[in-house]
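K.L.:
Pasting in a structure now, in C-alpha coordinates, and then I'll have a few things to ask.
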Amino acid sequence: MIRLARIVIVLFTALIVPTAATAQPAVDTELDRRVQAFLAERQGTWRDLNVPEVDGRTLYELIVANGFRNAVEIGTSTGHSAIWIGWALGRTGGRLTTIEIDPRRHGIAVENFATAGLDHVIDARLANAHDLVPQLEGPIDFVFSDADKDWYTNYFDALWPKIVPGGCFTAHNVSMNQLGIREFLDHVRSVPDAVTTIDTRSRAGLSITCKRQP
(Lines give C-alpha, C1' and ligand atoms only; values in the text may rest on other atoms or scores of the structure.)
Protein backbone atom coordinates (compact mmCIF):
# COMPACT_ATOMS: atom_id res chain seq x y z
CA MET A 1 0.00 0.00 0.00
CA ILE A 2 3.02 2.34 0.32
CA ARG A 3 3.29 3.17 -3.38
CA LEU A 4 -0.47 3.65 -3.72
CA ALA A 5 -0.42 6.00 -0.75
CA ARG A 6 2.34 8.01 -2.40
CA ILE A 7 0.26 8.26 -5.58
CA VAL A 8 -2.73 9.55 -3.64
CA ILE A 9 -0.55 12.14 -1.87
CA VAL A 10 0.90 13.34 -5.18
CA LEU A 11 -2.56 13.70 -6.73
CA PHE A 12 -4.02 15.44 -3.69
CA THR A 13 -1.15 17.92 -3.65
CA ALA A 14 -1.53 18.58 -7.37
CA LEU A 15 -5.24 19.26 -7.04
CA ILE A 16 -4.87 21.83 -4.26
CA VAL A 17 -1.97 23.78 -5.81
CA PRO A 18 -3.01 26.27 -8.54
CA THR A 19 -1.53 25.49 -11.94
CA ALA A 20 0.21 28.85 -12.14
CA ALA A 21 2.00 28.13 -8.86
CA THR A 22 3.32 24.74 -9.96
CA ALA A 23 7.11 24.75 -9.80
CA GLN A 24 9.13 24.00 -12.91
CA PRO A 25 10.76 20.55 -12.89
CA ALA A 26 14.31 20.69 -11.58
CA VAL A 27 17.03 21.14 -14.19
CA ASP A 28 19.94 19.00 -13.02
CA THR A 29 21.48 17.41 -16.10
CA GLU A 30 22.22 18.13 -19.73
CA LEU A 31 19.16 16.07 -20.70
CA ASP A 32 16.96 18.16 -18.39
CA ARG A 33 18.28 21.36 -19.93
CA ARG A 34 17.78 20.10 -23.46
CA VAL A 35 14.22 18.87 -22.90
CA GLN A 36 13.17 21.97 -21.02
CA ALA A 37 14.59 24.20 -23.76
CA PHE A 38 12.70 22.17 -26.37
CA LEU A 39 9.42 22.46 -24.46
CA ALA A 40 9.92 26.17 -23.86
CA GLU A 41 10.53 26.77 -27.57
CA ARG A 42 7.38 24.83 -28.55
CA GLN A 43 5.14 26.09 -25.76
CA GLY A 44 1.71 27.09 -27.04
CA THR A 45 2.27 25.59 -30.50
CA TRP A 46 1.11 22.02 -29.93
CA ARG A 47 -1.97 21.12 -31.99
CA ASP A 48 -2.95 17.93 -33.80
CA LEU A 49 -4.69 16.25 -30.82
CA ASN A 50 -1.76 16.75 -28.44
CA VAL A 51 -2.37 17.15 -24.72
CA PRO A 52 -2.22 20.56 -23.00
CA GLU A 53 0.90 21.33 -20.96
CA VAL A 54 -0.86 20.83 -17.61
CA ASP A 55 -1.58 17.19 -18.47
CA GLY A 56 1.96 16.58 -19.69
CA ARG A 57 3.26 17.99 -16.44
CA THR A 58 0.87 15.77 -14.44
CA LEU A 59 2.15 12.67 -16.23
CA TYR A 60 5.74 13.74 -15.58
CA GLU A 61 5.10 14.28 -11.87
CA LEU A 62 3.28 10.97 -11.48
CA ILE A 63 6.09 8.98 -13.09
CA VAL A 64 8.94 10.69 -11.22
CA ALA A 65 7.21 10.59 -7.83
CA ASN A 66 6.60 6.85 -8.08
CA GLY A 67 9.72 5.76 -9.93
CA PHE A 68 7.86 4.20 -12.84
CA ARG A 69 10.15 2.71 -15.49
CA ASN A 70 8.18 0.55 -17.94
CA ALA A 71 5.69 2.78 -19.77
CA VAL A 72 3.30 2.48 -22.70
CA GLU A 73 1.55 5.30 -24.55
CA ILE A 74 -1.39 4.65 -26.88
CA GLY A 75 -1.73 7.55 -29.31
CA THR A 76 1.52 9.46 -29.87
CA SER A 77 0.20 12.22 -32.13
CA THR A 78 3.24 14.43 -32.77
CA GLY A 79 4.78 13.69 -29.40
CA HIS A 80 3.95 16.33 -26.77
CA SER A 81 2.81 13.89 -24.07
CA ALA A 82 5.58 11.44 -24.96
CA ILE A 83 8.16 14.21 -24.44
CA TRP A 84 6.91 14.73 -20.87
CA ILE A 85 6.69 10.99 -20.23
CA GLY A 86 10.10 10.33 -21.80
CA TRP A 87 11.67 13.16 -19.80
CA ALA A 88 10.34 11.61 -16.59
CA LEU A 89 11.59 8.17 -17.61
CA GLY A 90 14.99 9.68 -18.38
CA ARG A 91 15.12 10.59 -14.69
CA THR A 92 13.92 7.19 -13.42
CA GLY A 93 16.01 5.10 -15.82
CA GLY A 94 12.96 3.84 -17.71
CA ARG A 95 11.74 3.49 -21.27
CA LEU A 96 8.56 4.34 -23.19
CA THR A 97 6.88 2.43 -25.98
CA THR A 98 4.52 4.79 -27.81
CA ILE A 99 2.14 3.81 -30.62
CA GLU A 100 0.76 5.95 -33.46
CA ILE A 101 -1.29 4.81 -36.45
CA ASP A 102 -0.87 7.91 -38.65
CA PRO A 103 2.42 7.94 -40.63
CA ARG A 104 2.63 11.75 -40.81
CA ARG A 105 2.19 12.25 -37.09
CA HIS A 106 4.55 9.38 -36.33
CA GLY A 107 7.25 10.93 -38.51
CA ILE A 108 6.95 14.35 -36.86
CA ALA A 109 7.01 12.73 -33.41
CA VAL A 110 10.20 10.81 -34.20
CA GLU A 111 11.87 14.05 -35.27
CA ASN A 112 10.68 15.78 -32.10
CA PHE A 113 12.06 13.00 -29.90
CA ALA A 114 15.47 13.30 -31.56
CA THR A 115 15.49 17.10 -31.23
CA ALA A 116 14.56 16.88 -27.56
CA GLY A 117 17.30 14.31 -26.95
CA LEU A 118 14.87 11.57 -25.93
CA ASP A 119 15.12 9.14 -28.84
CA HIS A 120 17.21 6.79 -26.69
CA VAL A 121 14.35 6.62 -24.14
CA ILE A 122 11.38 6.39 -26.53
CA ASP A 123 10.55 3.44 -28.78
CA ALA A 124 8.12 4.98 -31.29
CA ARG A 125 6.01 2.39 -33.12
CA LEU A 126 3.99 3.02 -36.28
CA ALA A 127 1.16 0.55 -35.83
CA ASN A 128 -2.52 -0.04 -35.21
CA ALA A 129 -2.87 -0.10 -31.42
CA HIS A 130 -5.82 -2.50 -31.72
CA ASP A 131 -3.35 -5.09 -32.98
CA LEU A 132 -0.16 -4.14 -31.13
CA VAL A 133 -1.39 -3.43 -27.59
CA PRO A 134 -2.48 -7.03 -26.86
CA GLN A 135 0.95 -8.22 -28.00
CA LEU A 136 2.94 -6.01 -25.63
CA GLU A 137 4.78 -7.87 -22.91
CA GLY A 138 4.87 -7.00 -19.23
CA PRO A 139 5.73 -6.06 -16.67
CA ILE A 140 4.33 -2.55 -17.18
CA ASP A 141 3.98 0.07 -14.46
CA PHE A 142 2.56 3.05 -16.38
CA VAL A 143 0.13 3.47 -19.29
CA PHE A 144 -1.18 6.63 -20.94
CA SER A 145 -4.13 6.12 -23.29
CA ASP A 146 -5.03 8.99 -25.63
CA ALA A 147 -6.31 7.27 -28.75
CA ASP A 148 -9.80 6.15 -29.86
CA LYS A 149 -12.04 6.66 -26.84
CA ASP A 150 -14.46 3.85 -27.70
CA TRP A 151 -11.52 1.42 -27.43
CA TYR A 152 -10.26 2.56 -24.00
CA THR A 153 -11.90 -0.38 -22.22
CA ASN A 154 -10.28 -2.83 -24.63
CA TYR A 155 -6.86 -1.27 -24.10
CA PHE A 156 -7.36 -1.40 -20.34
CA ASP A 157 -8.42 -5.05 -20.35
CA ALA A 158 -5.43 -6.00 -22.54
CA LEU A 159 -2.86 -4.27 -20.32
CA TRP A 160 -4.26 -4.41 -16.78
CA PRO A 161 -3.07 -8.01 -16.16
CA LYS A 162 0.46 -6.90 -17.16
CA ILE A 163 0.50 -3.84 -14.88
CA VAL A 164 2.39 -4.45 -11.64
CA PRO A 165 0.87 -3.68 -8.21
CA GLY A 166 1.19 0.06 -7.64
CA GLY A 167 1.25 0.74 -11.38
CA CYS A 168 -1.22 3.08 -13.07
CA PHE A 169 -3.35 3.20 -16.22
CA THR A 170 -4.06 6.84 -17.13
CA ALA A 171 -6.59 7.96 -19.75
CA HIS A 172 -7.09 11.36 -21.38
CA ASN A 173 -10.28 13.29 -22.26
CA VAL A 174 -12.40 11.64 -19.58
CA SER A 175 -14.22 14.90 -18.86
CA MET A 176 -15.39 15.10 -22.46
CA ASN A 177 -18.71 13.62 -23.55
CA GLN A 178 -17.23 11.22 -26.07
CA LEU A 179 -18.35 7.77 -27.13
CA GLY A 180 -17.03 5.10 -24.79
CA ILE A 181 -15.79 7.34 -21.96
CA ARG A 182 -18.68 6.71 -19.56
CA GLU A 183 -18.49 2.97 -20.18
CA PHE A 184 -14.74 3.03 -19.62
CA LEU A 185 -15.00 4.89 -16.31
CA ASP A 186 -17.77 2.59 -15.09
CA HIS A 187 -15.58 -0.37 -16.03
CA VAL A 188 -12.39 0.72 -14.26
CA ARG A 189 -14.32 1.71 -11.15
CA SER A 190 -15.73 -1.82 -10.98
CA VAL A 191 -12.31 -3.52 -10.97
CA PRO A 192 -11.71 -4.93 -7.46
CA ASP A 193 -7.94 -4.28 -7.32
CA ALA A 194 -8.12 -0.74 -8.75
CA VAL A 195 -8.45 2.76 -7.35
CA THR A 196 -9.50 5.51 -9.78
CA THR A 197 -9.12 9.27 -9.33
CA ILE A 198 -9.88 12.08 -11.78
CA ASP A 199 -7.52 15.02 -12.29
CA THR A 200 -9.57 17.95 -13.66
CA ARG A 201 -6.91 20.65 -13.83
CA SER A 202 -7.36 20.70 -17.59
CA ARG A 203 -10.73 20.85 -19.36
CA ALA A 204 -10.09 17.45 -20.93
CA GLY A 205 -9.68 15.57 -17.64
CA LEU A 206 -7.29 12.74 -16.82
CA SER A 207 -8.33 9.52 -15.11
CA ILE A 208 -5.69 7.68 -13.08
CA THR A 209 -6.43 4.08 -12.22
CA CYS A 210 -3.82 2.41 -10.01
CA LYS A 211 -3.48 -1.23 -9.01
CA ARG A 212 -3.65 -1.93 -5.31
CA GLN A 213 -0.69 -3.49 -3.56
CA PRO A 214 -1.34 -7.05 -2.27
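K.L.:
Among the residues in the range 106-124, are any more than 22 Å from Leu185 (Cβ to Cβ), in contact with a helix residue (DSSP H, G or I) (Cβ under 6 Å, 6 or more places away or on another chain) and at pLDDT below 95?
P.N.:
Looking for residues that are more than 22 Å from Leu185 (Cβ to Cβ), in contact with a helix residue (DSSP H, G or I) (Cβ under 6 Å, 6 or more places away or on another chain) and at pLDDT below 95, one finds none in the range 106-124, hence no.
K.L.:
Here is a further query. Restricting to the range 163-178, count the residues that are free of Cβ contacts under 8 Å to residues at least 60 places away in the same chain and surrounded by 21 or more Cβ atoms within 10 Å (Cβ to Cβ).
P.N.:
Count: 5.
K.L.:
Regarding Trp160, is this residue surrounded by 17 or more Cβ atoms within 10 Å (Cβ to Cβ) and touching a strand residue (DSSP E or B) at 6+ places or on another chain (Cβ under 7 Å)? Quick ask: steps written out before the conclusion?
P.N.:
Working: surrounded by 17 or more Cβ atoms within 10 Å (Cβ to Cβ): yes; touching a strand residue (DSSP E or B) at 6+ places or on another chain (Cβ under 7 Å): yes.
It is true that Trp160 is surrounded by 17 or more Cβ atoms within 10 Å (Cβ to Cβ) and touching a strand residue (DSSP E or B) at 6+ places or on another chain (Cβ under 7 Å).
K.L.:
Of these, Arg95, Arg57, which one is under 14 Å from the mean Cα position of the chain (by Cα) and surrounded by fewer than 18 Cβ atoms within 10 Å (Cβ to Cβ)? Write out each step before concluding.
P.N.:
Working: Arg57 fails: surrounded by fewer than 18 Cβ atoms within 10 Å (Cβ to Cβ).
Checking each option against the conditions leaves just Arg95.
K.L.:
Can you pull out every residue in the range 175-201 that is of a type outside the set (D, E, K, R) and out of contact with any Lys or Arg (no Cβ under 9 Å at 6 or more places or on another chain)?
P.N.:
In the first step, residues of the range 175-201 are kept if they are of a type outside the set (D, E, K, R); the result is 175-181, 184-185, 187-188, 190-192, 194-198, 200.
Those that are of a type outside the set (D, E, K, R) and out of contact with any Lys or Arg (no Cβ under 9 Å at 6 or more places or on another chain): Asn177, Leu185, His187, Val188, Ser190, Thr197, Ile198, Thr200.
K.L.:
Pick from Phe142, Phe156, Phe68, Phe113: which is aromatic (Phe, Trp, Tyr) and more than 16 Å from Thr170 (Cβ to Cβ)?
P.N.:
Phe113
K.L.:
Please count how many residues of the range 63-87 are of a type in the set (Gly, Ala, Ser), within 10 Å of the chain's Cα centre (by Cα) and part of a helix (DSSP H, G or I).
P.N.:
Total satisfying the criteria: 3.
K.L.:
Further question on the same structure: Report yes if Ala147 is in contact with an Asp or Glu (Cβ under 7 Å, 6 or more places away or on another chain), farther than 29 Å from Pro214 by Cα and not in a strand (DSSP E or B), otherwise no.
P.N.:
no
K.L.:
Asp186 passes all but one of (1) without any contact (Cβ under 8 Å) to a residue 24 or more places away in the chain; (2) crowded, with 18+ Cβ neighbours inside 10 Å; which number fails?
P.N.:
(2)
K.L.:
From the set of residues in the range 24-40 that are assigned to a loop (DSSP other than H, G, I, E, B) and of a type in the set (Val, Ile, Thr), which is modelled with the lowest pLDDT?
P.N.:
Step by step, filter the range 24-40, then rank; the result is Val27.
K.L.:
Those residues that are surrounded by 23 or more Cβ atoms within 10 Å (Cβ to Cβ) and free of Cβ contacts under 8 Å to residues at least 60 places away in the same chain, I need them from the range 60-77; list them, please.
P.N.:
Within the range 60-77, just Thr76 meets the criteria.
Listed here are the residues, each with its yes/no results for (1) among the basic types (Lys, Arg); (2) touching a Ser or Thr at 6+ places or on another chain (Cβ under 8 Å); (3) in contact (Cβ under 8 Å) with a residue 60 or more places away in the chain.
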| site | (1), (2), (3) |
| --- | --- |
| Leu118 | no, no, yes |
| Ile122 | no, yes, no |
| Ala127 | no, no, no |
| Leu132 | no, no, no |
| Pro139 | no, no, yes |
| Phe142 | no, yes, yes |
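K.L.:
Can you pull out every residue in the range 41-62 that is touching a strand residue (DSSP E or B) at 6+ places or on another chain (Cβ under 8 Å) and assigned to a loop (DSSP other than H, G, I, E, B)?
P.N.:
Val51
The values are calculated or read from the model by the stated rules, or taken from the named source; none is laboratory data. Here the structure is a predicted model, which means the values were calculated and not measured. Here Cβ is always computed from backbone atoms with ideal geometry, including for glycine, and neighbour counts include all displayed protein chains.
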